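Peer 1: I have a structure I would like to understand better, so I am pasting it below and will then ask my questions one at a time.
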Amino acid sequence: MNRILLFFALVIFTIAQANAKESSTTAPPLDAAQVFEWWDDGIITPEEAAEIFTRLEEENYDEACLLAEVYAQEPCTIFNKTTEKNARKKRKNKTAKSAHSPDAAHSTKTIHANKAAPPLIPHGSLSWKGQYDSDGHLKKHREELQIQFYYFKLRLGSQELLSYRRDGYESHFGQISTLEFHSHLPLDTLWGAALRFPIGKFHLGAHIDTSKTFHTHVAFHPNRQNELTAAFWKFPDAGVIALQARTTLGQISAWYQFGQDLPLIKIQLQNEKEHLSWKTTAYIHGDSIPQGLNLSKGIADNRLWASQTVNVQWPEALNTILSAKARVLSAIASDSLSARFKITLTSGPQRIRASLSATCIEASDNCSSTEWNGIVESDWNDFAFKASTKVRHENNRTKPPRIELGASYRSRLALAKLTIALPQMNPAQSISLQNEIKLDNDWLGCDLVFAFKKTKTKSFSPSYAHLQTSLKF
């Protein structure tokens, strides 16, 4: 299997370089390679990794990033991309307001031309995803076919769904999930039909399911930045009222089932200034979970599942950033409270940037277990290098440090990355090789992640592999 993986990776990367055309596909903000890296480094548990993988498979990237930020206490690129997009929008709006020339009029005509009806010729992708265990056995896999034609989209595989979207109008038939419901909270997938249509600044919607579940909602959009939605759900044996509000600061949602003592509340708020930014994430609920929700196990098992991040940054001083993060979990079963804290200092130019972090693993134990991590990164155009050292002090004993050395090469459409990890600083005791090959062009997309491990008693053997391929037409 070792030779097959290496040969396949080399072939994929060669194809990517030979077909370097601009791709229109948007990559997800969080990929399997990053999750596997946290898992392999011991930052997250296998159960936590499984929760993130589930959301990625559902293409619910917002929820996947939420899980990643709380479990790994690392930033997720979806928020960075959102901030970057907002900045670009502000620049475009400012330019549009000051532009009264013939060129500006021509630009406006071009924008309207770009809103022409999509082509009737079907196009889409056929993809396959699979995970292999350390024995080389296929642990799980899924296939996906997506076809776009005119304003219709057909999806077969993990989700059987036919959708129609045009000028704010939407209709769906098949397996309807969180994204089709426009829900801030993750919902169960239901078989049925849904309709959503605009009336001025309002959006009205309804849904009926084969299990006789009924849902109707109304959304008010005073502008693009703000939205208020109210919904009523009628299950065969329960009724639910759902509210969600979105502003420039983020979103707050509530889900209340009649007869229960407390509603379930989800909070995602953030604000970013030049020198100070903060982010608050939380799930709050009672002992019982309302019907209709598809919560991750870690969230369902804790009454309070929250995190807080505060960043203080000095762009003029080598873009120095001081970050403080806190995570709090309150379990239902034991009524215990668990807290974890992390402080990170990052500074330096892009060519060579260093960071140092200290993590209190469990505050209730008076931080008897702490972890120190130092990282040096260097970016030279297409090449990037990384070196890190992680030391854990536990029960008055300092464990052998974990050392990682990594290098990557990135072109417009391809990435090759290799990381060597020494968990006990001694290659004779243990060593791990993590590899990633990725490409994305007009007709082929592929993401191959695999790792080999060697211990004192075992020779090099695969520890995991994740393969994702997509043929575009």
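Peer 1: Of the residues Arg165, Arg142, which single one is within 25 Å of the chain's Cα centre (by Cα), surrounded by fewer than 17 Cβ atoms within 10 Å (Cβ to Cβ), in a strand (DSSP E or B) and modelled with pLDDT of 90 or more?
Peer 2: Arg165
Peer 1: Among the residues of the stretch 360-382, which ones are more than 27 Å from the chain's Cα centre (by Cα), in contact (Cβ under 8 Å) with a residue 12 or more places away in the chain and loosely packed, with under 13 Cβ neighbours inside 10 Å?
Peer 2: Ser364 - this is the single residue of the stretch 360-382 that is more than 27 Å from the chain's Cα centre (by Cα), in contact (Cβ under 8 Å) with a residue 12 or more places away in the chain and loosely packed, with under 13 Cβ neighbours inside 10 Å.
Peer 1: What pairs come up if the first residue lies in the stretch 29-44 and is within 15 Å of Thr389 (Cα to Cα), the second is hydrophobic (A, V, I, L, M, F, W, C) and modelled with pLDDT of 85 or more, and their beta carbons are under 8 Å apart, counting only those six or more places apart or on different chains?
Peer 2: Taking only residues 6 or more apart or on different chains, the pairs are Trp38/Ile44; Trp38/Ala49; Trp38/Ala68; Trp38/Ala72; Asp40/Ala421; Asp40/Ala451; Asp41/Ala421; Ile43/Ala72.
Peer 1: For His184, are the conditions met, namely being open to solvent by less than 20 Å² (accessible area, probe 1.4 Å), part of a strand (DSSP E or B) and either closer than 13 Å to Ala245 by Cα or not hydroxyl-bearing (Ser, Thr, Tyr) (or both)? Write out each step before concluding.
Peer 2: Values: open to solvent by less than 20 Å² (accessible area, probe 1.4 Å): yes; part of a strand (DSSP E or B): no; either closer than 13 Å to Ala245 by Cα or not hydroxyl-bearing (Ser, Thr, Tyr) (or both): yes.
Against the criterion (open to solvent by less than 20 Å² (accessible area, probe 1.4 Å), part of a strand (DSSP E or B) and either closer than 13 Å to Ala245 by Cα or not hydroxyl-bearing (Ser, Thr, Tyr) (or both)), His184 does not qualify.
Peer 1: One residue is enough: does the stretch 199-220 have a residue meeting the conditions more than 25 Å from Glu63 (Cα to Cα), of a type in the set (S, T, N, Q), out of contact with any helix residue (DSSP H, G or I) (no Cβ under 8 Å at 6 or more places or on another chain) and open to solvent by 70 Å² or more (accessible area, probe 1.4 Å)?
Peer 2: Checked against the condition, which is being more than 25 Å from Glu63 (Cα to Cα), of a type in the set (S, T, N, Q), out of contact with any helix residue (DSSP H, G or I) (no Cβ under 8 Å at 6 or more places or on another chain) and open to solvent by 70 Å² or more (accessible area, probe 1.4 Å), the stretch 199-220 yields at least one hit.
Peer 1: Can you tell me which residue in the stretch 448-473 is most open to solvent (accessible area, probe 1.4 Å), limited to those that are among the small types (Gly, Ala, Ser) and part of a strand (DSSP E or B)?
Peer 2: Ser461
Peer 1: What are the pairs, 6+ residues apart or on separate chains, where a residue within the stretch 421-439 that is more than 14 Å from Asp41 (Cβ to Cβ) and among the polar types (S, T, N, Q) has its Cβ under 9 Å from a residue that is open to solvent by less than 40 Å² (accessible area, probe 1.4 Å) and part of a strand (DSSP E or B)?
Peer 2: Sorted first by the residue in the stretch 421-439, then by its partner, the pairs are Gln429/Leu422; Asn435/Ala416; Asn435/Thr419; Asn435/Leu448; Asn435/Val449; Asn435/Phe450; Asn435/Ala451; Asn435/Phe452.
The values are calculated or read from the model by the stated rules, or taken from the named source; none is laboratory data. In this text the structure is predicted, and so the values were computed from the model without any measurement. Reconstructed Cβ throughout: ideal geometry from the backbone, glycine too, with neighbour counts over all protein chains shown. What goes into the accessible areas is simple: the full protein's heavy atoms, side chains included, and nothing from ligands, DNA or RNA. Shrake-Rupley method; radii C 1.70, N 1.55, O 1.52, S 1.80 Å.
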